[in-house]
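This report concerns only the one structure given below.
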Amino acid sequence: MDERTLFHKIRDREIPAAVVFEDDEVMAFKDIHPKAATHLLFIAKKDRDFVPSIADLTEATAHVPLVLIRKAQKFAKEQGIDGYKLTFHVGKGGGQEVFYLHLHFLSEQKVKES
Ligand code: 5GP
């Protein structure tokens, strides 16, 4: 249960990823198999915010999805992206493969390269 997931290793930069946004709370990186022109994954960085899935949310972690959505919203605004989809896959039956809560951000508008 306490095993580190792929996204722990991306967070800790043990596995490389194309990081497009990072602050103290959240990291966003490009999905390796993009399903849109822009396909990003937003994760919470702090260990105390770790939760495997929406299905596992508790009072202590209930704020995490909102934090991810808020950061995605701000990121989109900064990037001038005004049309996008936000998705959580929940559980194996919901298509979830990585059990580290993440928000999919998909848009046909592209991120500005820095
Ligand atoms: P899930 O299906 O769990 O909601 O989403 C996991 C996502 O992680 C998938 O869209 C998949 O393409 C992406 N992914 C899997 N392995 C890697 C990887 O090594 N690097 C990156 N950047 N994305 C990955």
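Summary: within the chain, the longest segment free of GluC sites (Glu not before Pro) located in DSSP loops with at most 10 other C-beta atoms within 10 Å is 15-58. Using the 1.4 Å probe convention, the accessible area of the chain works out to 61 Å² per residue with neighbouring protein chains retained.
Solvent-accessible area assigned to carbon and sulfur over the range 1-77 amounts to 54 percent, based on a 1.4 Å probe.
The mean sequence distance of close C-alpha pairs (under 8 Å, at least 6 residues apart), as a share of the length of the range 1-108, puts its relative contact order at 31 percent.
Taking a ≥ b ≥ c as the square roots of the eigenvalues of the Cα gyration tensor, the range 1-97 is rounded, since a/c falls below 1.5.
Across the chain, the longest piece that holds none of the trypsin sites (Lys or Arg not before Pro) lying in DSSP loops with up to 12 other C-beta atoms within 10 Å covers 47-109. Between the Cα long axis of helix 64-79 and the first principal axis of the chain there is an angle of about 10°, rounded to the nearest 10. Under a model in which nothing but the beta-carbon of Lys, Arg (+1) and Asp, Glu (-1) is charged, the range 6-107 shows a dipole of about 220 debye around its Cα centre. Amide H contacts under 5 Å for V20: A28, F29, K30, restricted to partners 5 or more places along the chain or on a different chain, H placed in the peptide plane at 1.01 Å from N. What aspartates and glutamates could a cross-link reach from K9, if we take a straight Cα to Cα line under 18 Å and drop same-chain neighbours fewer than 8 places away? Straight-distance partners of K9: E22, D23, D24, E25, D31, D47, D49, E97.
The values are calculated or read from the model by the stated rules, or taken from the named source; none is laboratory data. Everything numeric in this text was worked out from a predicted model, so none of it was measured. Here Cβ is always computed from backbone atoms with ideal geometry, including for glycine, and neighbour counts include all displayed protein chains. To get the accessible areas, we keep the full protein, side chains included, count just its heavy atoms, and leave off ligands, DNA and RNA. Shrake-Rupley method; radii C 1.70, N 1.55, O 1.52, S 1.80 Å.
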